[in-house]
Structure formats: structure tokens, C-alpha cells
Amino acid sequence: MSSDTETGGGGGDLRKPFLHTGSWYRMGSRQSSLMGSSQVIRDSSISVVACVLIVALGPIQFGFTAGYSSPTQAAITKDLGLSVSEYSLFGSLSNVGAMVGAIASGQIAEYIGRKGSLMIAAIPNIIGWLAISFARDASFLYMGRLLDGFGVGIISYVVPVYIAEIAPQNMRGALGSVNQLSVTIGIMLAYLFGLFVPWRFLAVLGILPCTILIPGLFFIPESPRWLVCYLVSLLLHDRACDYEVYSWLPMQAKMGMMEDFEVSLQRAVASASKRTTIRFAHLQQRRYWLPLMLKILKSTCLTLLQIGNGLLILQQLSGINGVLFYSSTIFEQAGLKSSNAATFGLGAVQVIATVVTLWLADKAGRRFLLIVSSAGMTLCLLVVAISFFLKVDAVTDGSTWYNAFCILAVVGVVGMVVTFSLGVGAIPWVIMSEILPVNIKGLAGSIATLANWLCAWIVTMTANLLLSWSGGGTFTVYTLICAFMVAFVTIWVPETKGRTLEEIQWSFR
């Protein structure tokens with residue numbers, strides 16, 4: 001018979017939730033009535049917002065990792081005797097580790113669930129920060145940075161997907177933007193504590209988000225849409241799954257996700273005979289790779305992948321990481337004396353602007369915010385480019401016009417970060433997690449996340465070289481990319497506000 005029959009007996013390759021919290025809320029037996037479950041639901045409710053705040057500790061870890069290398073450069077190079085190139089390698093290794101994590105993130109999330117993936121991501125993060133804290137030479141720094149990057153690569157994919165899959169449709173934009181808000185808070189905290197705390201103790205502080213995240217995962221439910229895929233895999237193997245449904249229903253109901261759970265389950269069960277759900281455990285067998293890739297390359301799936309990939313690639317090619325990572329250099333070139341204080345101020349402004357996005361995401365709409373955000377970035381970057389060109393070529397150092405152009409450049413950089421935070425920072429992750437169907441989300445999401453981190457690494461590695469070549473030229477390149485982003489969003493990106501995930505995904509068929 002088919003491989004389903006062969007594997008059905010052992011069941012060893014079936015997906016299982018890595019953290020099965022549903023059993024805590026089980027009514028005690030398979031025969032427990034739904035009326036009894038309803039009483040439990042009335043007695044105790046779990047807020048979707050609380051769940052989002054727990055998983056948001058992951059992006060805070062993400063931001064802290066990104067911001068750590070900026071305030072610690074002088075101290076680490078002095079204590080460990082590192083050269084500038086060695087420290088640059090240390091800073092960039094987080095992106096390398098994140099690319100490896102991105103490749104694995106989709107398969108891990110599909111195989112053991114969203115919560116299990118966050119648990120997997122938290123452990124190397126903790127080990128990595130400990131390695132950095134106790135480092136006596138560059139090798140421990142490099143190992144710790146790679147481990148941190150690996151965990152961050154998984155977090156960057158799983159958290160927005162989990163939030164999108166549990167959030168009500170009228171709150172999904174705002175709750176999805178919490179991901180980016182948490183990243184900006186992590187960056188700002190790294191900048192802030194880095195001003196006062198030694199670099200080794202700062203690395204110890206980096207352990208805290210994941211240390212709190214791990215126990216928090218035991219108190220939140222698994223994604224209902226991932227559970228649907230798991231239950232369908234049981235149906236495909238002729239397994240009795242009503243016990244599994246009973247064990248998860250109370251938890252999903254407490255979350256207010258019963259309707260989404262039931263709709264997703266009904267659709268998935270109805271299509272089970274067509275075997276549309278591909279289990280990632282089977283991808284280890286070569287014959288399953290080609291059908292899945294052909295499925296992704298079909299016109300509909302390819303369109304979805306192009307939109308998700310395009311937004312995440314353009315998000316990084318806009319130069320935001322170059323601006324944030326080298327903001328001190330940019331401010332110095334602009335003539336600002338207190339560059340470190342300005343960098344912290346930039347982080348604080350980014351947090352405030354992202355908070356505004358939470359309020360606007362479900363009111364103005366994703367597509368509108370992306371257009372406004374990318375257009376604003378284009379204008380701000382154009383202002384910065386012109387001010388750099390005029391400052392260098394048209395006026396002399398110390399003159400009134402020189403100081404005016406310096407102020408204009410700083411205003412443009414701050415404006416670019418603000419407009420980025422209003423849409424381009426958060427919305428691409430929200431849209432990626434909304435438009436990809438569950439049956440290709442693992443692989444397609446991994447590809448999109450990998451592309452995002454690869455572009456982040458390219459921008460981070462080239463920004464300093466470009467700034468050394470020409471400040472005005474660098475920002476001209478970023479301006480052109482943002483202008484293309486405006487056209488890309490206007491032509492190809494759909495509006496997803498106020499629609500369920502199933503409605504969004506069916507609209508592309």
C-alpha cells in the first residue's frame with residue numbers, strides 16, 4: 001500500500017506538539033461533556049493579548065541581539081584585544097546564524113509546532129549569551145554570536161506566524177505589529193543599558209527575555225491552524241483523533257478562537273481525502289521535495305511567494321539596518337557631536353513610531369500604510385542624499401549653510417526611521433504570515449525569512465563601505481530602492497485588513 005499505511009502503524013514520524021499544554025485543561029476523560037468544558041471556559045479566560053505579550057519576548061531578544069554590538073565595541077576590542085575586522089566579523093555573525101535558523105525555521109515550526117519552535121530557539125540564545133559573557137578570546141564570542149543568531153532566525157519567522165494564526169481578524173494588524181515593536185524595544189534597551197553596564201553583564205541581561213519566555217510557553221495554547229494540520233495527519237492515517245480534539249477545544253475556546261478553529265478544521269477535514277497537507281517529516285525522502293516545489297511554483301503560490309519575498313527583501317534593501325547599525329557614523333558625518341546620545345534617541349523615536357502603527361494597522365489598512373511608509377522613506381532619504389551632496393560640494397566646513405545641511409541630514413535620517421516604523425518595519429511580516437497557506441507556509445516562509453536575513457547581511461556589510469565612498473551616493477541608492485518599493489506595493493500587494501486567513505488565501509485561487 002502507500003507510504004501512509006507503512007508509517008501509520010508506528011506513528012513515529014507523525015507530528016506531535018512539543019509543548020502539549022492542552023492536557024492541563026482537559027476535562028478528565030474522553031467522555032467529558034462540552035457543557036462541562038463551557039463551564040471551565042466561563043470560569044477562566046486566557047487573553048489573546050496576553051499570549052502575544054508572552055511570545056513578544058522573542059522579538060525583544062531579537063532586538064537586543066541586534067543592538068548589543070553597537071555600545072560594546074570599544075570595551076570588547078580593548079578587553080580582548082580584537083582588531084576592527086575581528087569585531088566586524090563578530091557583529092555580522094548574528095546575521096549568518098540567523099540565515100541558518102531561517103532555513104530550519106519552517107520545517108521546525110511545521111514538525112513540532114509554533115510553541116515548540118520558540119522553545120528550540122530560546123535554548124541556543126541562552127547558551128550564546130553565556131558564551132559571550134564568559135568569553136576569554138574571539139572564538140567564544142563568535143560561537144555565542146552564531147548561536148544567538150540561529151535562535152533569532154527561528155524567532156523572526158515563528159513569532160509573526162503564531163500571532164497571525166491566533167489573532168482575531170479585527171486585531172491581527174495591531175497584534176502583528178507587536179512583533180516589530182518588541183524588536184525596537186529590544187534595540188533601545190541594548191542602547192540604554194550599554195551606556196551604563198559593562199559588556200559582560202550586558203550579555204547576562206540578554207539571557208532574561210528567553211529565560212522568561214520558556215516558562216511562559218507552558219501557559220499559552222498552540223496555534224489552532226497548526227493543530228488542524230496535525231489532526232488532519234491523524235485522519236490521513238485512520239487514527240481516532242476525537243480525543244485530541246477534546247483535549248484542545250477548551251484551550252482554543254478560552255482564547256476566543258473556537259470559530260477559527262472549527263472553520264479551519266472543517267475545511268481541512270473536507271480536503272483530507274485530497275491529501276493537500278504535506279508533512280515535513282516526509283521531506284527527508286527525496287520524492288516529496290519535487291511535488292512540494294512544483295506546488296509552490298504553481299502560479300498562485302508563486303504569486304504569494306513573490307509578494308512575501310518581495311516585501312521582506314525590499315524592507316532590508318531600503319537600508320534601514322545600515323542606518324541603525326551605523327547611525328553613530330552617519331551622525332558624525334552629518335556634523336553631530338553627541339552621536340551616542342543621538343543613537344539612543346533614534347531608538348526611542350523608533351519605538352514611539354511603531355506604537356502608532358499598532359493603532360493604525362487595523363484602521364488604515366496594511367496596503368495604505370505600506371504605500372505611505374515607503375513614500376515617506378523615499379522623500380526622507382532624498383533629503384538626506386541632497387544634504388550630504390550639498391554639504392560636501394557646495395559649502396565650507398563651519399559655515400551657516402554647512403550647519404543647516406547637517407541639521408537637515410539628521411532630520412532626514414530620523415524621518416526615515418519614523419516612516420519605516422509606520423509600515424515597512426512591521427507590515428511585511430504581518431502580510432507574509434497572512435497570505436501563505438498552511439500547506440506551503442513552512443517552506444515558503446523559510447525562503448522568505450532567509451531572503452530577508454541575507455539582504456540584511458548584505459546591507460550591513462556594505463553600508464560602512466558605501467558611506468566611506470560617498471554619503472550622498474549611499475542614500476541615493478537607498479532612495480531608488482524605496483521608490484521601487486512604492487511601485488511594488490501599489491501594483492502587487494493586496495489589502496488584507498478585516499479578512500480571515502482563510503478568506504485571504506482563498507482570494508488568490
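Every number in this text was worked out from the coordinates using simple rules, so none of it is lab data. From a predicted model like this one, the values you see are computed outputs, not experimental measurements. Glycine gets a Cβ as well: all are built from the backbone with ideal geometry, and neighbour counts include every protein chain shown.
For segment 169-212, the spread of Cα positions along the three principal axes, ordered from largest to smallest, is 44, 21, 8 Å.
With the simple model of a label 7 Å out from the Cα in the direction of the Cβ, I352 to W469 spans 3.5 nm. Projecting label points 7 angstrom from Cα along Cα→Cβ for D137 and W506 puts them 6.2 nm apart.
Per-residue 3J(HN,Hα) values for segment 221-227, derived from phi via the Karplus relation 6.51 cos²θ - 1.76 cosθ + 1.60 with θ = phi - 60°, read x, 6, 4, x, 6, 5, 4 Hz in sequence order (x marks Gly and Pro). The peptide list 346-356, 176-186, put in order of mean Cβ contacts within 10 Å with the highest first, becomes 176-186, 346-356. Take each peptide in 205-217, 486-498, 87-99, count the other Cβ atoms within 10 Å of every residue, and average; sorted highest first, the result is 87-99, 205-217, 486-498. Taking every Cα-Cα distance in segment 102-190 and sorting them into 10 Å bins starting at zero, the pair-distance distribution P(r) comes out as 17, 38, 33, 10, 2, 0 percent. Converting phi to 3J(HN,Hα) with the Karplus coefficients 6.51, -1.76 and 1.60 and the offset θ = phi - 60°, segment 99-109 yields 5, 5, x, 5, 4, 7, 4, x, 5, 4, 5 Hz in sequence order, with x at every glycine or proline. Here the Kirkwood formula puts the hydrodynamic radius of segment 46-221 at 16.1 Å, using every distinct Cα pair.
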